[in-house]
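Every number in this text was worked out from the coordinates using simple rules, so none of it is lab data. A quick note: this is a predicted structure, and the numbers were derived from the prediction, not measured. In this analysis, Cβ positions are derived from the backbone assuming ideal geometry, glycine residues included, and neighbour counts consider all displayed protein chains.
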Amino acid sequence: MRIKVINPNTTWSMTRTIEAAARASVSSDVEIEAVSPTMGPVSIESHADEALAAVGVMDEVRKGEADGCDGYVLACFGDPGLHAARELASGPVIGIAEGAFHAASFLGRSFAIVTTLGRTLGRARDLVNEYGFTRACVAYRACEVPVLGLDEDPESAYAALRVECERTIADASPDAIVLGCAGMAGMCARLQSELGLPVIDGVAAATSLVEAMVRIGAKTSKREEFAAPPAKEVVGLLSPF
Ligand SMILES: NC(=O)NC1=NC(=O)NC1=O
């Protein structure tokens, strides 16, 4: 089995963090291919970043199909390009937000999201509502660490994240915490141990769920909405598509 884990931002050091978390979450017979697109923003912290990143995600899925990948993880908490990726993929495609919400829902009645910048919380709220977890998600919080700050100064980023998690637990008493950024993947186990409640990293959750779906033979439905997009001319910069 081969799962392609796509970090939609173009920061390869973060891709390596994501790769380690993905590899640790799957069985030994699963091959993980972790990549960043060849184009796109170095970090994704806005709707504009997400729009740009979606093109790179599509390009990586298109290449993955040519290489025979069995499934895909979109390792960015905004799940950028998820629906387009499902149109292009034959196997399952799971974003880390959707995967994390499902995983958290198996562990308790409620969860809270603790993410990077507060400006990304609107997107998180939209995804919670779209995926059907409105009642379960009891808090939307941000530690105000920029995405690349997680890589550049991990110790102070961890300190800020832990403080915000502690505040969230005190204010909203969630049964679990969902980490709102792929770049937090390496901090999950330490946080869970120090905070004393389940802490979900979406990279591990989504990757293990893709493995499970591939093992039961589940593929993306091609009946209607996620059928291959109609062939058409694309002009200008995006013409390769
Ligand atoms: N909420 C976020 O910080 N999302 C993210 N931006 C990235 O570049 N990767 C993420 O997971």
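Proximity of backbone amide H atoms, modeled 1.01 Å from N, is registered between Gly91 and Thr220 at under 5 Å, excluding neighbours fewer than 5 places apart on the same chain.
Rounded to the nearest 20 debye, the dipole size of segment 20-90 about its Cα centre is 40 debye, using +1 on the Cβ of Lys and Arg and -1 on the Cβ of Asp and Glu. Legend: Rg and Dmax of the chain, from Cα coordinates, 17.1, 54 Å. A quarter of the convex hull surface defined by the alpha-carbon atoms of segment 75-174 gives 7.0 nm² as the mean projection. Relative protection proxy for 3-11, 221-229, 158-166, from highest mean packing down: 3-11, 158-166, 221-229 (other beta-carbon atoms within 10 angstrom). Looking only at Asp59, Asp79, Asp171, which one moves most when the chain is put into a Gaussian network model with springs between Cα atoms under 10 Å? Top of the fluctuation ranking is Asp171.
Taking 0.890 mPa s as the viscosity and 25 °C as the temperature, the Stokes-Einstein diffusion coefficient of segment 124-226 based on its alpha-carbon Kirkwood radius rounds to 159 µm²/s.
Ser110 sits among other residues whose Cβ lies under 12 Å from its own Cβ, and their net charge, with Lys and Arg +1 and Asp and Glu -1, is +1. For segment 175-241, the equivalent ellipsoid built from the Cα gyration tensor has semi-axes of 37, 19, 9 Å, listed from largest to smallest. In this structure the amide hydrogen of Thr115, modeled in the peptide plane, comes within under 5 Å of the amide hydrogens of Arg141, Ala142, Cys143, Gly180, none closer than 5 places in sequence on its chain. In segment 1-128, Cα pairs under 8 Å separated by at least six residues give a relative contact order of 25 percent.
Its alpha carbons considered, segment 113-161 gives a radius of gyration followed by a Dmax of 12.2, 35 Å.
Counted by Cβ distance under 13 Å from Ser25, the other residues give a net charge of -2, where Lys and Arg count +1 and Asp and Glu count -1.
Membrane-span-like helices of the chain, defined as complete DSSP H segments with a Cα extent of 24 Å or more along the helix axis and a mean Kyte hydropathy of at least -0.5, are identified as 47-67, 154-172. Provide, for q = 0.10, 0.14, 0.25 Å⁻¹, the log10 of I(q)/I(0) from a solvent-free Debye sum over equal Cα point scatterers in segment 1-96. Ignoring solvent entirely, the Cα scatterers give -0.21, -0.43, -1.36. Put simply, when 231-239, 201-209, 145-153 are sorted by average Cβ atoms within 10 angstrom per residue, most first, you get 201-209, 145-153, 231-239.
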